[in-house]
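The values are calculated or read from the model by the stated rules, or taken from the named source; none is laboratory data. This is a predicted model, so every value here is computed, not measured. Backbone-built Cβ (ideal geometry, glycine too); neighbour counts: all protein chains shown.
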Amino acid sequence: MTPEEIQNRVLHRDGLILVVDKPAGLPVHAGPGGGDNLEAHFKHLQYGLRHVPALGHRLDRDTSGCLVLGRHPKALKKLGKLFREGLVEKTYWALTRKVPEPREGRIGLALRKISDKGKGWRMLVDPEGQASVTDYRVLASADGLCLIECHPRTGRTHQIRVHLAAIGCPIIGDAAYGERRPGEQLQLHSRSLTLPMQQSKSPVHVEAPAPAHMAPYLKELGFDPEAVSPSDRRGIAANK
């Protein structure tokens, strides 16, 4: 990724944070095996500040969309507090081959991380695990194909993926919790973030456009992402 390419992915910039549109397939930081990662390119996003911006949270390698960075230690401390206290409104879009019933609701299933011998780790629904809550609603459906808007109220690893699979609606392209057909990508997108960074100002609201790999499915559904009315863009009320 060139400096221009990552700079072109900046969706929002102010004195405290940056929000970038993370591409699917690129990890946010280096793994044990090394290789390219998004964090390696943050040096191109300083825009004159002394500090290199740093991750405010994480997205899975194959998840696309809104990712927030803190531009200096004070901003990172503020972001950490907001995420810990559940004050960041997160909206994800997921595509499935089954329509959930009911079409709008809340999934409250505790999750636990387990090790699969020889296969690494995965998350498992377990009543003894950590409390995990996801609100969802169907935005569009046709012939079994379904676009679901998800609002995680907790921040567990793989939460949306496991929760949707648990109600019989695994995300398209999710080999870990469903089925990945040849040539498929994970159809999970961090659509928007709303962050109350300063009490004296309105929350920062940022949206990431639907990625190219989602476009054929959205076309099949006849769904225009830009046709969602402004009153609907904040999704399900956080105090539901």
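All of Leu111, Leu59 fail the test of being buried (at least 20 other Cβ atoms within 10 Å of the Cβ) and over 15 Å from the mean Cα position of the chain (by Cα), apart from Leu111.
Screening Ala215 on (1) outside any loop (DSSP other than H, G, I, E, B); (2) buried (at least 18 other Cβ atoms within 10 Å of the Cβ) shows it passes everything except condition (2).
For the condition crowded, with 19+ Cβ neighbours inside 10 Å and under 24 Å from Gly65 (Cα atoms), what is the one hit in Gly173, Gly155? Unique residue meeting the criteria: Gly173.
Would you say Ile148 is surrounded by fewer than 21 Cβ atoms within 10 Å (Cβ to Cβ) and part of a strand (DSSP E or B)? Full working, then the answer.
Details: surrounded by fewer than 21 Cβ atoms within 10 Å (Cβ to Cβ): no; part of a strand (DSSP E or B): yes.
It is false that Ile148 is surrounded by fewer than 21 Cβ atoms within 10 Å (Cβ to Cβ) and part of a strand (DSSP E or B).
Total residues in region 4-49 satisfying the condition of being exposed (fewer than 13 other Cβ atoms within 10 Å of the Cβ), at pLDDT 95 or above and of a type in the set (Asp, Glu): the figure is 2.
Suppose the filter is within 17 Å of the chain's Cα centre (by Cα), surrounded by 15 or more Cβ atoms within 10 Å (Cβ to Cβ) and either of a type in the set (D, E, K, R) or closer than 18 Å to Leu221 by Cα (or both); does Arg122 pass it? No; evaluated as a whole, the condition is false for this residue. Considering each of Ala165, Ala142 in turn, give the residue that is surrounded by fewer than 22 Cβ atoms within 10 Å (Cβ to Cβ), under 21 Å from Arg103 (Cα atoms) and out of contact with any strand residue (DSSP E or B) (no Cβ under 9 Å at 6 or more places or on another chain). Within the list Ala165, Ala142, the selection yields Ala142. Cβ separations smaller than 9 Å between residues 6+ apart or across chains give the following pairs from region 124-139 residues that are in a loop (DSSP other than H, G, I, E, B) to residues that are among the polar types (S, T, N, Q): Ala131/Thr154; Ser132/Thr154; Ser132/Gln159.
Is it fair to say Arg156 is outside any strand (DSSP E or B) and closer than 24 Å to Val88 by Cβ? Give the steps one after another, and end with the answer.
Working: outside any strand (DSSP E or B): yes; closer than 24 Å to Val88 by Cβ: yes.
Taking the combined requirement at face value, the residue satisfies it.
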